[in-house]
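These notes concern the structure reproduced below.
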Amino acid sequence: METGVRSGALAPGTALPSVRELAARLGVATATVAASYRALRDRGVVETAGRNGTRVRPRPPVASRLARRVAAPPGTLDLSTGEPDARLLPTIGAALRRLATTASAPAGYASAGPLPELVSLARGRFAADGLPVAGATVTVTSGTLDAVERLLGSRLRPGDRVGIEDPAWANLIDLVAALGLQPVPIPIDDDGPTVDGLRHCLQAGVVAIVVTSRAQNPTGATITPERAARLRRVLAEFPDVLVIEDDHAAELAAEPVASVGAAGRPWAMVRSLSKPYGPDLRVALVAGDPASIARVEGRMRLGSGWVSTVLQRLVVELWSDERVAATVARARTEYGRRRNALVSALVARGVAARGRSGINVWVSTSDESGAVAALRDLGYAVAPGSLYRLAAPPGFRVSVGALALSDVDKLADAVARAVGLEVTSPVPALTM
């Protein structure tokens, strides 16, 4: 079956035969097929969907040379990707030219590692946001998922339980499955993980939790200072649980960051540069307790070694350029206008929509697959909520990266029709 995934014969989402059917087809014992399915689940290649049987995961950890992301149908507006608007990203040409004339010789094996200048700048930015970095260590990884994988891998083993938000970032769900970990859902609302939900998760025996500080993907939830204080009090009862905080939006988020980590416990804050500065800039800054960061750096030395110092110097150049900062600030304002306009227009039409921060809006609906298909027929591609949900009610994600303000009302009308609401007249969207 892994060969089938690799060759493209078994595409993501493909339904697999039942255990009895496959055993009869192959002439082997049902226990043999059951054990094979179990091994595939443990490696995150397949998932069990209750009465719907076993299917290939949407993003199995087996690369396929034939499989490609399914493009949106011709003539549709693709709002499914979660990509930032390329027109709102800062250009890096000037920074690269400065780097070419001022950079020292490339780092060698002995001297490579976190660039001291970048670490110093990152520490200052973390401290300016009020994060508990006094006594913490800061390092550099190749993006958010790289940091989360190394943090989880340094403390957890296959079969261990990890708490994740529900709905959660689809890539995180896939990573947890690939590591052989057992996800425990933490319900969330607009203020982040619920207090009771976190408590139940911790009581279930998790070894680590992963939460999003702001611009949660897919719902746009943001942890408020009041919620963060209540969550810290619950976490204080479980001092050995690793707390991983994902701040992927970073400078794109207008809301202040409220940390649930605290000194004296295993903790890490991961801040990516992909959304504000471009997905191809595979750099994330990670602050955390010295033991957790030492484990991350130790695992990196046994694998990739370090993040290229050329990329790290490029980040220093970008962070030191006032024009780049102004570009990021404009993007932050523009994403906020688009997201707020869409949420306002949807709510005005009676659609249950939410999106406090970031570039995504979550729409609740009783018929997820029907709504996604209806929107496709109406000219819009959105992401089905099944990619993000564990036990949460159905819905779908709309990203505003490719959405123009002039298209908000037409999209809101289409969404209302797709979820079964009658649209009688256009309602002006909020554009402030």
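Read-outs: derived from the displayed coordinates by stated rules, not from any lab. Note that the structure is predicted; figures quoted are calculated from it, not measured. Methodologically, a virtual Cβ is constructed for each residue, glycine included, from the backbone with ideal geometry; neighbour enumeration extends over all protein chains shown.
The 3J(HN,Hα) values that the Karplus relation (6.51, -1.76, 1.60; θ = phi - 60°) gives for segment 332-347 are, in residue order, 4, 5, 5, 4, x, 5, 5, 5, 5, 5, 5, 4, 4, 5, 5, 4 Hz. Gly and Pro appear as x. Per the Kirkwood formula applied to alpha carbons, segment 94-320 shows a radius of gyration over Rh ratio, Rg over Rh, of 0.96. Amide H contacts of Val46 (H built 1.01 Å from N, in plane; Pro and chain starts excluded): Arg41, Arg57 sit under 5 Å, all sequence-distant by 5 or more or on other chains. Counting only DSSP H runs of at least 4 residues, each contributing -39500 (n - 2.57), and dividing by the residue count of the chain, the helix-based mean residue ellipticity at 222 nm comes to -11500 deg cm²/dmol.
Diffusion of segment 1-144 by Stokes-Einstein, at 4 °C in a medium of 1.567 mPa s and with Rh set to the Kirkwood radius over alpha-carbon pairs, works out to 62 µm²/s.
If you bin all the Cα-Cα distances of segment 149-265 at 10 Å, starting from zero, the percentages per bin are 14, 50, 33, 3. Equivalent-ellipsoid semi-axes for the chain (Cα gyration tensor, √(5λ), whole Å, largest first): 33, 30, 23.
Of the residues Ala23, Ala110, Ala263, the one that moves most in a GNM of the chain with alpha-carbon contacts below 10 Å is Ala110. Overall shape: oblate for segment 141-184, with the ratio a/c of the largest to smallest alpha carbon gyration tensor axis at 1.5 or above and b/c at least equal to a/b. The slack between Asp321 and Arg87, meaning 0.36 nm per residue of separation minus the straight C-alpha distance, is 82.4 nm. The Kirkwood hydrodynamic radius of segment 352-428, based on inverse pair distances between different Cα atoms, is 12.8 Å.
Database remark: amide H of Leu242 closer than 5 angstrom to the amide H of Ala208, Ile209 (H placed geometrically; neighbours at sequence offset of 5 or more, or on other chains; Pro and chain starts carry no H).
Under 5 Å from the amide H of Leu77 lie the amide H atoms of Tyr380, Ala381, each residue being 5 or more positions distant or on a separate chain, with H modelled from the backbone and absent for Pro and chain starts.
Each residue of segment 293-301 is assigned a 3J(HN,Hα), and the resulting list reads 5, 4, 5, 4, 5, x, 5, 5, 4 Hz, derived from the Karplus form 6.51 cos²θ - 1.76 cosθ + 1.60 (θ = phi - 60°), x at Gly and Pro. Shape summary of segment 88-186, radius of gyration then Dmax from alpha carbon positions: 18.1, 51 Å.
For segment 276-407, the C-alpha radius of gyration sits at 1.40 times the compact-globule guess of 2.2 N^0.38 Å, with N the residue count.
Taken one residue at a time, the phi angles of segment 21-27 give Karplus couplings (6.51, -1.76, 1.60, θ = phi - 60°) of 4, 5, 4, 5, 5, 8, x Hz. Gly and Pro are set to x.
Largest GNM mean-square fluctuation among Pro61, Pro116, Pro279, using the chain with Cα springs under 10 Å: Pro116. Once you list every other residue whose beta carbon is under 11 Å from the beta carbon of Thr224, what net charge do they have if Lys and Arg are +1 and Asp and Glu are -1? Residues close to Thr224 contribute a combined charge of -1. For segment 2-56, the fraction of C-alpha pairs more than 16 angstrom apart is 42%.
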